[in-house]
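Structure record follows, encoded as structure tokens.
The values are calculated or read from the model by the stated rules, or taken from the named source; none is laboratory data. This is a predicted model, so every value here is computed, not measured. Counting neighbours? That spans all protein chains shown, and the Cβs are built from the backbone with ideal geometry, glycine included. Ligands, DNA and RNA are stripped out before the accessible areas are found, and what is left, the full protein with its side chains, is counted by its heavy atoms. Shrake-Rupley method; radii C 1.70, N 1.55, O 1.52, S 1.80 Å.
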Amino acid sequence: MDFLRPDTFAEALAVKAERPDAVPIAGGTDVMVELNFDHRRPSALLDLTRIAELREWTTVDGRLRVGSGVPYTRIIEQLGAQLPGLAMASRTVGSPQIRNRGTVGGNLGAASPAGDTHPVLLAGDAVIEVASTRGTRMIPAAEFYLGVKRNALEPDELIAAVHLNATPGPEQFAKVGTRNAMVIAVCSFAIALHPAEKRVGAAVGSAAPTPRRATAAEEFLAGELDWAAPEPLLDSVKRRFGELVAEAASPIDDVRGSAAYRKHALAVLARRTLGWAWQDHLGKEARECA
Amino acid sequence: MRVNVTVNGEQRQADDVWEGESLLFVLRERLGLPGSKNACEQGECGSCTVYLDDVPVCACLVAAGQVQDREVRTVEGLADGDRLDPVQEAFVEAGAVQCGFCTPGLVVAAHDLLERVPQPSDPEIREALAGNLCRCTGYEKILDAVRLAAARR
Ligand SMILES: Cc1cc2nc3c(=O)[nH]c(=O)nc-3n(C[C@H](O)[C@H](O)[C@H](O)COP(=O)(O)OP(=O)(O)OC[C@H]3O[C@@H](n4cnc5c(N)ncnc54)[C@H](O)[C@@H]3O)c2cc1C
Ligand code: FES
Ligand code: FES
């Protein structure tokens, strides 16, 4: 096995072009488990932790560009106000030790259907910036997840960053598990209200072969919400929204939960998070009118 | 491969390191530092917690090559010679140690918490220790130990 240690992103792309078999390692919280248990014996590891560019964030054209190697702890502590949904999901990942190392880039690289950041990235219209020596591609999150642990990366590509709205509307994320820490989601749900465009983002995790958007639920809700003169939500709207979210899922029975339970729980999470997000929106409107 | 790393303030060198090896293996088997424990090798138990550049991490999930030219501080590096660190002392006094397997990881995690939050609330203590499992104590004495160490700061 080779251990490749580029210092810059350009160097890393050159190495990856030459060695497409090299497995990138960022926080290592997925890769090292596979190595420790002999589930994987790559011919080379490509260490990304020496690359300063991947650990930075900047604002580009009013959008936040967050480097793929920014650990969850820093997203929570330093970007929590700007990226509430991503910070909420980050807080539920593993434990402090895991959040100190684990990255959004690694979550995307692993592309587990249960990865906690995925629903938030989908609901928030995130765009994944991937790069190779051939150039850069901007992939909308909705086109990034192709199958169970399969993503849209080509063998010579690396994830550079995720781009997100720098002034998002209300966002919420919720996850079902047996404990508050160290839990792979039984199912998860993210909602993002986009008041400026009168749109809604909604996505489910751990409830289908890939994380996915609940498009029918998004459209239904966008039509029902009165953005200009917001009022408390009708129960019937919340209930219908929950039903449509559950319908978007195609879960399986497994050790963590049954398909029926997952659908039920998703409807509950959807109703609840919608309530919180709309409450945020009402609060904001009230403050702005006062 | 060869790995050069600062461990507990000392420049150390490990040779013949396999490229897929973990920092935990290097510490325990190559550098003679068995304080950090190996229980799960998958980040679940926290018994291998060490500081890497001042940030607590699971040593079992760090690739050996990733610590080249970096600084690691293990439980062995907390005491000042024969004088235990106040967190270690509090664990002893509060009876927070039974079999002791989880203790090194918990001591490092608690040490980090008190560096960041000198007077933590109970929920803050629980959250900070959520990545460390103990099969013996039922955690109450561990919480007592952290409260004691905080009170003495
Ligand atoms: C104890 C424990 C608890 C966990 N709990 C959770 C949880 O609650 N929620 C959750 O979502 N996940 C959880 N995980 C999984 C893991 O922590 C996350 O998926 C994390 O985001 C991975 O990030 P990383 O930087 O550690 O990735 P790595 O392990 O370094 O990499 C993961 C994958 O992504 C690839 N990769 C990494 N960076 C790039 C890049 N820039 N370009 C291309 N490919 C790349 C790697 O080759 C690999 O295939 C847990 C893991 C452990 C060990
Ligand atoms: S041995 Fe590293 S977390 Fe259990
Ligand atoms: S004292 Fe035995 S595991 Fe904690």
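Observations on the structure shown:
- Unit charges on C-beta of K, R, D, E only; dipole of the protein assembly as shown, Debye: 840 debye
- The stretch A:1-92: trypsin sites (Lys or Arg not before Pro) falling in loop per DSSP and having at most 16 other Cβ within 10 Å: A:ARG40
- Under the combined filter of DSSP loop state and at most 13 neighbouring Cβ atoms within 10 Å, the stretch A:197-290 retains these trypsin sites (Lys or Arg not before Pro): A:LYS198.
- Those residues of the stretch A:88-105 whose amide nitrogen sits under 15 Å from the label point placed on B:GLU115, 7 Å along Cα→Cβ: A:97, A:100-101
- Taken about its Cα centre, the stretch B:86-151 carries a charge dipole of about 160 debye when Lys and Arg each add +1 at the Cβ and Asp and Glu each add -1 at the Cβ.
- Pairs of Lys residues in chain A are counted when their Cα atoms are under 25 angstrom apart and they lie 8 or more places apart or on different chains; the count is 9.
- Spin-label pair A:ARG239/B:ASP122, simplified geometry with 7 Å Cα→Cβ offset, distance in nm: 3.9 nm
- Computed from Cα atoms alone, the Kirkwood hydrodynamic radius reported for the stretch B:86-151 is 11.3 Å.
- Between the listed residues B:TRP18, B:GLN42, B:ASN4, the Cα displaced farthest toward the positive end of the dipole of the stretch B:3-77, a dipole computed from Cβ unit charges relative to the Cα centre, is found at B:GLN42.
- Backbone N under 11 Å from the A:ASP280 label point (7 Å along Cα→Cβ), restricted to the stretch A:46-88: A:81-88
- Rounded to the nearest 10 Å², the accessible area of B:GLU93 at probe 1.4 Å: 110 Å²
- Where Rh is the Kirkwood radius over Cα pairs, Rg/Rh for chain B: 0.97
- Hypothetical label at B:ASP54: residues of the stretch A:62-77 whose amide nitrogen lies under 16 Å (7 Å Cα-Cβ projection): A:74
- Between B:THR6 and B:ALA79, the modelled labels are 2.3 nm apart [label points 7 Å from Cα along Cα→Cβ].
- Ranking A:ALA123, A:ALA111, A:ILE139 by Cα position along the charge dipole of the protein assembly as shown, where only Lys, Arg, Asp and Glu carry charges on their C-beta atoms, puts A:ALA123 farthest toward the positive end.
- Net charge dipole size for the stretch A:171-285 [Lys, Arg +1 and Asp, Glu -1 on Cβ; Debye, nearest 20]: 440 debye
- Calculated FRET efficiency for the pair A:ARG150/A:THR8, C-beta based, R₀ 35 Å, to 0.05: 0.80
- A simple spin-label model places pseudo-atoms 7 Å from Cα toward Cβ; at B:LYS141 and A:TYR261 they are separated by 3.4 nm.
- Note that chain A carries a Kirkwood radius of 19.5 Å, evaluated over its alpha carbons pair by pair.
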